Amino acid sequence: IEIYSLHVDCKVTSRFAHTLITSRIVNRANDSREATFEVELPKTAFITNFSMSIDGKVYPGIIKEKASAQKEYDTAVSHGQSAGLVKITGRKLEQFHVSVSIAAASKVTFELTYEELLKRQLGKFELLIKVRPKQLVKHFQIDVHIFEPQGIRFLETDSTFMTNELTKALTKVQNETKAHILFKPTVDQQKINPEFDETLLNGDFVVRYDVKREATAGDIQIVNGYFVHYFAPQEMPAFPKNVIFVIDRSGSMAGRKIEQTRDALLKILQDLRPEDHFSFITFNSKVVEWKSTLLPATAENVASAAGFVQTLSASGGTDINHALLTAVSGLEKAEGLPERSVSMIILLTDGQPTSGESNVEVIQENAQKAVNGKYALFCLGFGFDVSYKFLEKMALSNGGIARRIYENADAALQLQGFYQEVATPILKKIEMQYPENAIEGLTKNDFKLFFEGSEIVVSGKISNELDLLPVEIKAQSHSSDLTLKEEANVKEKEQVFQNQSYIFGNFIERLWAYLTIQQLLEKSISAQEEDQKTLEAQVLELSLRYSFVTPLTSMVVTKPADQEQTDLANKPTEAG
């Protein structure tokens, strides 16, 4: 079985990435063989299309409601015979895998399309392409086209498998608003060693970039009546933070995990600013406060905290409830905190609550009542024994986010990286306001906190014939209350994309659908049961209308009649 051509074609238009992967395979054997198509794609992406064509006959993947697809599938296949086609394979990726039997000398072409909105983190957008052909490929090519009307501020490529020889196969052409990256290694350049047919191409191919930002009230782009508004203010003073780290030191954290936690906390301590206040709570079945109140991050206090962190050891049970309530009351009773500041709790745990209150629903309720919208709660789940669903619901109900920390060599870096994302709050209570009677389907437009290095994205449909789209942003900064205003000329904005040949015409509408689905799914995590049903119905309707494989849809992949007939591709979620 030979993959004679593999092409990754990626078009990024105003952060919205559309990736098409085409693999052409020929069976050079004298009898039928199994041809496999395996792609790792970002977890944040949605698959939108798949097909295979065998000797000219096309077998398309069809997106249906998950429940009905599952029913059909169960009827077609006796239970448990064939696994789903998609599974999570790591911190950032999931894998799509399909195989089909093809006759001697036959050819098959696999095509997979997926889309995602690139999310700005720590000041850059990252496009991740996983490369793993497992054999030398005669025609191998990656094309990345980027068009950013705001202008490209910087652009870099990075790869885990580059050699001097392979670098010659990489070209980058760039002007003010556009870039084209081409990676096209010959068979000889792909070889680890000229003597053997082993490939070097195994790992990540990454493109990172950021855009220029001129306008203070962000940047508005409009195509076919849909708008997207990007807002990422720069060079504003940070709010002082009041942060309590709540660290699990139960028995299951013993060994590598507690070591990595110590390493990360020591680095994080160095990153605190002098105007920040902080404290630690550690817990197993007992809850221990490092100090009875939050302390300013002076050199002396940071050094004393580092001494404490170095003594952390792990044993015993897990009383998450008591630890969280202790943290909240620590923030409640703290004195001398700066008036304009941001208070947050960062919880790190690797297991289920086993001591004290162990019913997760009660813990969620207790936390929400105690936090009462005043603080942001961030939940980090270490490894796979945590109930991620529980942590995610608790964080989203309390103005924070959840993140899984993978038990890899780089766990300490993952922890640090997460801290860096939330280290610099520069705005609170952000409201993005648009004319009420003129916009439909507006995505989330009020945000508790804005952290430097990230970006706020709002999208919607301009309902009537507006000539000007006025926007107003209200927010609190460290020094004052802000009101920013901007007016977008609809016709002028539409013009920007008019003559760009390689843009798929309705990309802002698809961006809007993608963003709406992601936000509805997030909302349903912390919603009451009745509301959950409504939110899921909306997700299903949009997923079917725009053909996205989301947690509520499945793609049914049909094969030639003489083979196991159907396979299902479902969207895995972090909460499982």
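A few comments on the model shown:
- Cβ-Cβ contacts under 8 Å between residues 6 or more apart (or on different chains), taken from a first residue in region 360-371 that is under 15 Å from LYS389 (Cβ atoms) to a second residue that is assigned to a helix (DSSP H, G or I) and of a type in the set (Val, Ile, Thr), are listed as ILE363/ILE320; ALA367/VAL328.
- Looking across region 280-307, the residues that are without any contact (Cβ under 8 Å) to a residue 40 or more places away in the chain, farther than 21 Å from GLY336 by Cβ and not in a strand (DSSP E or B) come down to LYS286, GLY307.
- Single condition PRO560 does not satisfy, out of (1) assigned to a loop (DSSP other than H, G, I, E, B); (2) open to solvent by 20 Å² or more (accessible area, probe 1.4 Å): (2)
- Taking the listed residues LEU201, LEU294, the one that is in the same structural domain as ILE146 (by the TED database) and at pLDDT 95 or above is LEU201, with no other qualifying.
- Screening region 347-383 for residues that are open to solvent by 10 Å² or more (accessible area, probe 1.4 Å) and among the aliphatic types (A, V, I, L, M) and picking the one that is nearest to ILE281 (Cα to Cα) gives ALA370.
Residue-by-condition table, conditions (1) outside any strand (DSSP E or B); (2) in contact with a helix residue (DSSP H, G or I) (Cβ under 7 Å, 6 or more places away or on another chain); (3) surrounded by 15 or more Cβ atoms within 10 Å (Cβ to Cβ); (4) not hydrophobic (A, V, I, L, M, F, W, C):
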{"position": "LEU415", "(1), (2), (3), (4)": "yes, yes, yes, no"}
{"position": "GLU421", "(1), (2), (3), (4)": "yes, no, yes, yes"}
{"position": "ILE426", "(1), (2), (3), (4)": "no, no, yes, no"}
{"position": "GLU431", "(1), (2), (3), (4)": "no, no, no, yes"}
{"position": "ASN437", "(1), (2), (3), (4)": "yes, no, no, yes"}
{"position": "THR443", "(1), (2), (3), (4)": "yes, yes, yes, yes"}
{"position": "LEU449", "(1), (2), (3), (4)": "no, no, yes, no"}
{"position": "VAL457", "(1), (2), (3), (4)": "no, yes, yes, no"}
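- Answer residue from region 17-42, given it is touching an Asp or Glu at 6+ places or on another chain (Cβ under 8 Å) and among the hydrophobic types (A, V, I, L, M, F, W, C) and is farthest from ILE1 (Cα to Cα) among those: ALA17
- Looking only at residues in region 328-346 that are in a loop (DSSP other than H, G, I, E, B) and of a type in the set (Asp, Glu), the one that is least open to solvent (accessible area, probe 1.4 Å) is GLU335.
- Candidates in region 193-217 are the residues that are in a loop (DSSP other than H, G, I, E, B) and among the small types (Gly, Ala, Ser); of these, the one that is farthest from LEU182 (Cα to Cα) is ALA217.
- Boolean, THR171 is among the hydroxyl-bearing types (Ser, Thr, Tyr) and modelled with pLDDT of 95 or more: yes
- Apart from one condition, LEU325 fits all of (1) in a loop (DSSP other than H, G, I, E, B); (2) at pLDDT 95 or above; the exception is (1).
Results for (1) assigned to a strand (DSSP E or B); (2) open to solvent by 40 Å² or more (accessible area, probe 1.4 Å); (3) in contact (Cβ under 8 Å) with a residue 24 or more places away in the chain, shown as yes or no for each residue.
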| site | (1), (2), (3) |
| --- | --- |
| ILE220 | yes, no, yes |
| HIS229 | yes, no, yes |
| VAL243 | yes, no, yes |
| LEU266 | no, yes, yes |
| LEU269 | no, no, yes |
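- Condition check for GLU40: in a strand (DSSP E or B) and farther than 25 Å from GLU536 by Cα: yes
- GLY218 within 30 Å of VAL471 (Cα to Cα) and either over 26 Å from the mean Cα position of the chain (by Cα) or not assigned by the TED database to the domain that holds GLU38 (or both): yes
The values are calculated or read from the model by the stated rules, or taken from the named source; none is laboratory data. Computed from a prediction, not measured in an experiment: that's the story for all the values here. Cβ sites come from the backbone with ideal geometry, for glycine too, and all protein chains shown count toward neighbours. We work out accessible area using only protein heavy atoms, side chains counted, and drop any ligands, DNA or RNA first. Shrake-Rupley method; radii C 1.70, N 1.55, O 1.52, S 1.80 Å.
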